Amino acid sequence: MSLIASDIEIVNQCLAGDVNAFEVLIERYKKAIYNTAFRMMGNREEAEDVSQEAFIRMYNSLSKYNPEYKFITWALKVTTNLCLDSLRKRKAETVPIDEVFEIKDGKDTPEEEYIRKENQKLVQDAIMKLPDKYREFLILFHHRNLSYQEIMDITGESLTIVKNRLYRARQMLKEELISREKEREKYAVPGNK
Amino acid sequence: MQCQEINNLVMKYFDGNISELEREMIIKHNEKCNRCAEEFGILRNAIDTLEELPEIEVPAGFESRVMEGIISRRAYSTNPKIVAFWLLSVLGLMVFGWNMAAYVIMPLIRESGIIIAANNVLIYGFNVVSGILREVVVTASMLLGKILVMRNVLLRDYITSVTLIVLAFMAINVFLAYRRKLQEN
């Protein structure tokens, strides 16, 4: 049985009134949803709130789900919309950015490990600085590895806009990182490389 | 080749949609241009890192919290049909309430005020208790009379009153909107 067919089967079960069937869908997609929310919001607490709310909304609007699209596409659409909404609402406040490091199976040397961690921290910080709309596209394309078509379905934007946003987003990311680099050089102790 | 053109190729490169020839062009340019090479390195490092950012584990009990949310919220679902039903009901009650007030309660109070007052003067002389009893009887009979009179209410009066009320509502709304706009400005 293909994955897509069973998603639709579950959706139909839910629509027929079987609430518990939905738990299978949560189990199946929670990781993608939670991680997307985490990269959008920057911290675990908000990521969990948003992804819970996203699943509840999905359940309540299951009848609007169009089986032409993959379930995950629709799920990400609901999630990213919620993320953008709550980012807009929080605007004024400053929210902590959680650092998350992967525990690798000891293949890297300690130096390599350190560099990788530093890189991850740098990139996560830098993408949190981007405007929400641009961060969304970077995350969907480069972190979730989605295609143009999928991003078009999720965001409801045209191919031109998707390409443009990605272009601008990368440009901004580059500028942000370059300015950080310069900042660091300015404060670095001379001779200490 | 200009740096700006290379920059565009670099973007195509990260889109994953670049030809072998264009790739060569980037490499060749970067050999000569330090700035582009450095920028390319920074972006490439960032994109690679972004692609490999670790997936984090979903907190334990996530599903059950979502399911709880779904079940508890279903009780207060905002189905548009239900909302429309409630709105219609409230509207119906308002119209009914208005009709009752305008054609039953108001005339009743207006006319019965004098009669009952006169009645009370008489009754006061005899007995308070029997007065109250009589009052009840009188009121009940008058209520009956009023209900009969209601049949004589003209359609024209009815329409005029309803129109007046609608106009009043509109006027209040316009006034409120206007005041709000003033405040916003």
Between the range B:31-93 and the range A:136-174, what is the C-alpha centre distance in whole Å? 16 Å
Rounded, prolate or oblate: which fits the range A:114-189, taking a ≥ b ≥ c as square roots of the Cα gyration tensor eigenvalues, rounded meaning a/c under 1.5, else prolate when a/b beats b/c? prolate
Considering only the other residues whose Cβ falls under 14 Å of the Cβ of B:N8, what net charge follows from Lys and Arg at +1 and Asp and Glu at -1? +2
Counting other chain Cβ atoms within 10 Å of each Cβ in A:42-49 and taking the mean gives 1
Take peptide B:11-19, look around each residue's Cβ out to 10 angstrom, count Cβ atoms belonging to other protein chains, and average those counts. 3
Figure the gain on full extension for B:A101 and B:E51 (residue separation times 0.36 nm, minus the Cα-Cα span) and round it to one decimal in nm. 11.0 nm
Given A:K89/A:K117; A:K133/B:K32; A:K30/A:K70; A:K163/A:K186; A:K186/B:K28, the pairs whose alpha carbons are separated by over 25 Å: A:K89/A:K117; A:K133/B:K32; A:K163/A:K186; A:K186/B:K28
So which lysines pass the test for B:K81, namely a Cα distance under 24 Å, with those fewer than 8 places away in the same chain ruled out? A:K64
B:R73 paired with B:C33, simple spin-label distance in nm, labels 7 Å along Cα-to-beta-carbon: 5.0 nm
Say each of B:S130 and A:S6 gets a label point 7 Å from the Cα, pointing the same way as Cα to Cβ; how far apart are those two points in nm? 9.1 nm
Compute the Cα gyration tensor for chain A, then decide on rounded, prolate or oblate, letting a ≥ b ≥ c be the square roots of its eigenvalues: rounded whenever a/c is under 1.5, prolate when a/b is larger than b/c in the other cases, and oblate in all that remain. prolate
How tilted is helix A:44-60 with respect to the longest principal axis of chain A? Cα atoms for both, answer in degrees (0 to 90, nearest 10). 20 degrees
A:M152 versus B:I82, label points 7 Å from Cα toward the beta carbon: distance in nm? 3.9 nm
Per residue of the range B:131-141, what does 6.51 cos²θ - 1.76 cosθ + 1.60 with θ = phi - 60° give for ³J(HN,Hα)? Whole Hz please, x for Gly and Pro, Karplus curve as stated. x, 4, 4, 5, 4, 4, 4, 5, 4, 4, 5
Sequence of A:Y187, A:Y65 once ranked by neighbouring C-beta atoms within 10 Å, starting from the fewest: A:Y187, A:Y65
Expected vector for the range A:15-28, Karplus 3J(HN,Hα) from phi with 6.51, -1.76, 1.60 and θ = phi - 60°, integer Hz, x for Gly and Pro, equals 5, 6, x, 8, 4, 5, 4, 5, 4, 5, 5, 4, 4, 5
Sites excluded, GluC sites (Glu not before Pro) in DSSP loops with at most 15 other C-beta within 10 Å, longest stretch of chain A: A:103-193
Taking the Cβ of B:V66 as the center, what net charge do the other residues with Cβ under 12 Å away carry, scoring Lys and Arg +1 and Asp and Glu -1? -3
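Here, each number is a calculation from the coordinates, and none is a lab measurement. Just so you know, these numbers come straight off a predicted model, no measurement behind them. Every residue, glycine among them, receives a Cβ derived from its backbone with ideal geometry; neighbour counts consider all protein chains shown.
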